[in-house]
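S.K.: Here it is, the structure, as structure tokens.
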Amino acid sequence: MLAASWLASQASAHGGCLNYTVGDTWYPGYSPFDDQPSQDAAPWMVQRKWTTNDPIFETTNASLSCNTPGTPARAYIPILPGQNITAVYMYWVHTVGPMLAWMARCTNDDCHTFDSSKADWFKIGERGLQDGTVELGNWFQKTFSNWDGNPSLWSEIVPRELKKGKYLVRHEIISLHSANKPQFYPECAHLDVGGDGSAEPDAEYLVKIPGVWSMDQPEININIYAPDVSNRTTYKIPGPPVWTGV
Ligand SMILES: [Cu+2]
């Protein structure tokens, strides 16, 4: 049913993270195209609510943190530091721009009441231009997609020795195919990080969202078709450095 509703909506499709896996365990996320009341009431729901797969265009939009409306989920994905969290996309149709995975600790270890716009986010992974040129080369955004409806997988590692607790995880695709009009596609889920780690990122790794992106950043406000840009073979992913733990 999930695949069918995605197929039916391909005419206006953008895309988003619909599921997660940890090891062999699948965690269904929110589907904007399925019944909302039943998903809102689902005790197993691990992903914050999103009701459209349209992009967010404004770097200052409050929905940039966890999409619209970003209502907290009821459940958590259990995971350990050093394990992979895999975001599962069905049909990702854009090809140019970076992908960034973030985490943030929920205040009082309660993500149900946590306002994502107040979060201190740290990057746990980022993917950019793998080879070729900015305009036509192989971005991870292009190569991770199967293009045929099979799940497209994006895995990042929960930082080693990360302090035990409840966290948001945020997967963000930034699509840059429209000149000087970046598109942001974020989705958030709740993680219950176990183990006995005690590491936390320093201030240099922490940002607010919205806040981290601005149209003053040349990597965000970019025209990939401009002669001095299209043939570049490097793209510096903006934002703070990735924190991998200790
Ligand atoms: Cu789109």
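The values are calculated or read from the model by the stated rules, or taken from the named source; none is laboratory data. None of the values given here were measured: they were computed from a predicted structure. Note: ideal-geometry Cβ built from the backbone for every residue, glycine included; neighbour counts use all protein chains shown. Note: areas computed on protein heavy atoms with side chains; ligands, DNA, RNA excluded. Shrake-Rupley method; radii C 1.70, N 1.55, O 1.52, S 1.80 Å.
S.K.: Among all residue pairs at least 6 apart or on different chains, which show Cβ distances below 8 Å where the first residue, located in the stretch 160-171, is at negative phi and the second is part of a loop (DSSP other than H, G, I, E, B) and acidic (Asp, Glu)?
M.R.: Close Cβ pairs satisfying both conditions: 162/200; 163/200; 164/196; 166/110.
S.K.: Based on what the data block shows, is residue 120 surrounded by fewer than 17 Cβ atoms within 10 Å (Cβ to Cβ) and closer than 20 Å to residue 242 by Cα?
M.R.: In short, yes.
S.K.: Further question on the same structure: Being away from the ligand (no atom under 16 Å from the Cβ), crowded, with 17+ Cβ neighbours inside 10 Å and closer than 23 Å to residue 141 by Cα, is that true of even one residue in the stretch 33-45?
M.R.: no
S.K.: In addition: Restricting attention to the stretch 192-213, does a residue exist that is in a strand (DSSP E or B), surrounded by 15 or more Cβ atoms within 10 Å (Cβ to Cβ) and either within 16 Å of the ligand (Cβ to nearest atom) or free of Cβ contacts under 8 Å to residues at least 12 places away in the same chain (or both)?
M.R.: Within the stretch 192-213 (the criterion being in a strand (DSSP E or B), surrounded by 15 or more Cβ atoms within 10 Å (Cβ to Cβ) and either within 16 Å of the ligand (Cβ to nearest atom) or free of Cβ contacts under 8 Å to residues at least 12 places away in the same chain (or both)), the answer is no, since none of the residues qualifies.
S.K.: Keeping to the stretch 165-191, report how many residues are within 16 Å of the ligand (Cβ to nearest atom), in a loop (DSSP other than H, G, I, E, B) and open to solvent by 10 Å² or more (accessible area, probe 1.4 Å).
M.R.: 4
S.K.: Could you say whether any residue in the stretch 142-164 is out of contact with any Phe, Trp or Tyr (no Cβ under 7 Å at 6 or more places or on another chain), open to solvent by less than 50 Å² (accessible area, probe 1.4 Å) and of a type in the set (D, E, K, R)?
M.R.: The answer is yes; a qualifying residue exists.
S.K.: Turning to a different aspect of this structure: All but one of (1) away from the ligand (no atom under 16 Å from the Cβ); (2) open to solvent by less than 40 Å² (accessible area, probe 1.4 Å); (3) not β-branched (Val, Ile, Thr) hold for residue 69, so report the exception by its number.
M.R.: Answer for residue 69: the failing condition is (2).
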